[in-house]
């Protein structure tokens with residue numbers, strides 16, 4: 001299974017998990033991190049520059065990268081981070097066997113609905129993916145942390161700074 005097969009969200013999203021046996025579990029551990037009841041000077045956002053579908057494993061990798069990078073510098077209580085997207089869309093794959101004698105086992109495109117293999121979030125152009133609140137002293141570090149996180153995502157991103 002290749003990521004390019006699932007990066008474009010074509011057609012209606014399949015989100016009804018209650019009808020699926022063996023539905024995949026979400027890989028995202030936490031949607032918020034840091035300390036939210038403190039006062040911060042800036043809000044730094046990681047924005048998507050294109051309409052794309054991002055798998056839940058890529059979202060978790062980006063979140064971990066950003067949080068670890070900023071935690072080394074400011075500690076656990078020096079920032080607040082929040083994921084702004086949620087993976088609702090179920091991804092399916094019609095698995096085919098590629099071995100000798102496989103022609104007698106598989107059905108081809110007959111009954112090709114597919115099994116659930118993962119989850120994804122559909123993101124529009126300009127939509128916020130990760131948001132981070134930070135003090136004025138650590139603004140450069142927050143931008144660098146989000147830049148490192150953008151490498152894990154399958155789309156072109158931009159970083160926006162908002163003064164609070």
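All of the numbers you see were taken from the coordinates with simple rules; none came from a lab. The model shown is predicted, which means the values in this text are computed figures rather than measured ones. Here Cβ is always computed from backbone atoms with ideal geometry, including for glycine, and neighbour counts include all displayed protein chains.
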Structure-based [θ]222 nm, the chain - -39500 (n - 2.57) summed over DSSP H runs of at least 4, per residue, nearest 500: -6000 deg cm²/dmol
Sorted by Cβ density within 10 Å, fewest first, the residues 37, 137: 37, 137
Anisotropy class of segment 1-53 from Cα gyration tensor, a/c 1.5 cut: oblate
Extension reserve of the residue 128-residue 156 stretch, reckoned as 0.36 nm per residue once the Cα distance is removed: 8.8 nm
Measure of compaction for segment 47-116 (Cα Rg per 2.2 N^0.38 Å): 1.82
Cα principal axis extents for the chain, largest first, Å: 65, 30, 26
Taking the chain and dividing mean pair separation by its residue count, relative contact order in percent (alpha carbons under 8 Å, at least six apart): 41
Extension reserve of the residue 93-residue 25 stretch, reckoned as 0.36 nm per residue once the Cα distance is removed: 22.9 nm
Extension gain, residue 17 back to residue 109 (0.36 nm per residue minus Cα-Cα distance, nm): 30.8 nm
Exposure proxy ranking, count of Cβ atoms within 10 Å, fewest first, for 161, 57: 161, 57
